[in-house]
Amino acid sequence: MINKRARGMLGILVREADGILPFSEADFCRRLCLIGQRRGMKVYVFTPSSVSAGQSSIRGFCFENGSWQQRMYAPPDIVYDRCFSYDRRTLHRKHIAMKRLAGVHQFSYLTRGLSGKWNVHRALLGCPELVPYLPDTLPYRTESQLELWLDSHQGEAFLKPQHGTHGKRTLHIISPSSSEKLLLTGRDGQNQILHRQFHSRQEGLNWIHSFIANRPYIMQAYLELVTSGKEPFDIRALMQKNAQGCWELTGMAARIGAKETLTSNLHGGGVPREAESFLRSEFGIGPGSRIADTVRELSGKIPVCLESRFGRLAELGIDFGVDRSGKVWVLETNSKPGRSSFFRIGDAVSARKSFENPILYARYLLLSKP
């Protein structure tokens, strides 16, 4: 039983890394350790390799007294999973580590992951009030299926990996039925800009199928989500649970990409702006404010909808698109969101809350245990 004085232990699970520190997201973890100390909680960082078979303690790191300290810790009562699994090997190692941990100590996850973009889309389709904001979407299967999609969607499609991040390996395809050509723009696996032109549609479809290479993908209706200057943009809303265990909107930021690119992710060179002022400048004061209100309203509904399907969540980064008519679209949700936008736009309140809320919600869970 966790006593209200001890508060319990929060372990932040991250990927291994090469360098001075053997783990990723060091600055993010440093901030969480310091917030934990101020809130009377013990917070430490560990990786899948920190959990050894048959051991009841974990090798971890905690930032205290101005530096990182490495020591052996008791198993965490709550695990904050920030371990991004970009490949099967990392995913397998994480699975083994968590199985070992569960064998020596009963713990809870602060939040669950979401099981791919297609499953998230289907969950959102189950909430009628969200359906008008969802773009037409299907899982990608074959070249012939994509060809039928192009013929029924004005010769355009947007393809993205079901488990991808940062806009990597996304594709915009243009192939009108009146032309044999196929044009393609997007980003490769290194997030570099990609442009290809094929003189026959079948040649292009074959190349796309090879590029996808058995990775699970979804196809979506292509939406022209650009500024008046033809720069791609989206609106990122960060929803988090707070100290009372309730969802709240931590903040919003617009992300604007470069011309002639497909995505606006910051990892791909996007630039953040304060969301509502940006929307007002693009669409006018009244329409821009109404768009921002719609984003806020949808941001409040989406977490509740997804929790009813996937179980308890703690935070979600929700990406919205806005077309030139002012129509809002729900593009994507991320259960391991970044928060650098708030620092870069100078929103100190949202930046601070984005780090505090995971600690405060973990504390709420610990104190709520019988």
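Restricting attention to region 175-218, the residues being free of Cβ contacts under 8 Å to residues at least 60 places away in the same chain, part of a loop (DSSP other than H, G, I, E, B) and more than 25 Å from Lys259 (Cβ to Cβ) number 8. Here Arg141 passes the criteria (1) within 28 Å of Glu307 (Cβ to Cβ); (2) open to solvent by 60 Å² or more (accessible area, probe 1.4 Å) except the one numbered (1).
Can you confirm whether Gly321 is surrounded by 15 or more Cβ atoms within 10 Å (Cβ to Cβ), of a type outside the set (D, E, K, R) and either touching a strand residue (DSSP E or B) at 6+ places or on another chain (Cβ under 6 Å) or on the phi > 0 side of the Ramachandran plot (or both)? Answer is yes for this residue.
Of the set (1) under 26 Å from the mean Cα position of the chain (by Cα); (2) surrounded by fewer than 16 Cβ atoms within 10 Å (Cβ to Cβ), all apply to Val120 but (2).
To keep it simple, each residue is scored yes or no on (1) in a helix (DSSP H, G or I); (2) under 22 Å from Lys369 (Cα atoms).
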residue	(1), (2)
Phe28	yes, no
Ser52	no, no
Gly60	no, no
Pro75	no, yes
Phe84	no, no
Ala102	yes, yes
Gln106	no, yes
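If we keep just the residues of region 203-228 that are out of contact with any helix residue (DSSP H, G or I) (no Cβ under 8 Å at 6 or more places or on another chain) and of a type in the set (S, T, N, Q), which is farthest from Trp329 (Cα to Cα)? Across region 203-228, the extreme among qualifying residues is Ser210.
Selection of region 35-55 for residues being farther than 18 Å from Pro22 by Cα and either under 25 Å from the mean Cα position of the chain (by Cα) or exposed (fewer than 12 other Cβ atoms within 10 Å of the Cβ) (or both) yields Ile35, Gly36, Arg38, Gly40, Ala53, Gly54. Entry remark, region 331-352: residues being assigned to a helix (DSSP H, G or I) and either open to solvent by less than 50 Å² (accessible area, probe 1.4 Å) or at positive phi (or both) number 4 in total. In region 144-172, the qualifying residues are those that are closer than 27 Å to Ile318 by Cβ and among the hydroxyl-bearing types (Ser, Thr, Tyr), and the one that is most open to solvent (accessible area, probe 1.4 Å) is Thr165. Name the single residue that is most open to solvent (accessible area, probe 1.4 Å) among those in region 297-318 being farther than 19 Å from Arg255 by Cα and not in a helix (DSSP H, G or I). The extreme case among them is Arg312. If you go through region 148-165 and keep only what is touching a Ser or Thr at 6+ places or on another chain (Cβ under 8 Å) and outside any strand (DSSP E or B), you end up with Leu150, Asp151, Gly155, Gly164. All but one of (1) charged (D, E, K, R); (2) open to solvent by 30 Å² or more (accessible area, probe 1.4 Å); (3) in contact with a strand residue (DSSP E or B) (Cβ under 9 Å, 6 or more places away or on another chain); (4) over 30 Å from Ser49 (Cβ atoms) hold for Arg112; which doesn't? Result: Arg112 fails condition (4) only.
Just checking, does region 63-71 include any residue being buried (at least 16 other Cβ atoms within 10 Å of the Cβ), at pLDDT 95 or above and under 26 Å from Ile173 (Cα atoms)? The answer is no; no qualifying residue exists.
Taking the listed residues Ala213, Ala254, Ala237, the one that is surrounded by fewer than 19 Cβ atoms within 10 Å (Cβ to Cβ) and among the aliphatic types (A, V, I, L, M) is Ala213, with no other qualifying. Inspection of region 272-286 finds no residue satisfying the criterion of being assigned to a strand (DSSP E or B), open to solvent by 20 Å² or more (accessible area, probe 1.4 Å), aliphatic (A, V, I, L, M) and more than 19 Å from Thr170 (Cα to Cα).
The values are calculated or read from the model by the stated rules, or taken from the named source; none is laboratory data. Values in this document were obtained by computation on a predicted structure and should not be read as measured data. Don't worry about glycine lacking a Cβ; one is built from the backbone with ideal geometry, like all the others, and counts go over all protein chains shown. Note: accessible area is taken over every heavy atom of the protein model, side chains too, but ligands, DNA and RNA are not part of it. Shrake-Rupley method; radii C 1.70, N 1.55, O 1.52, S 1.80 Å.
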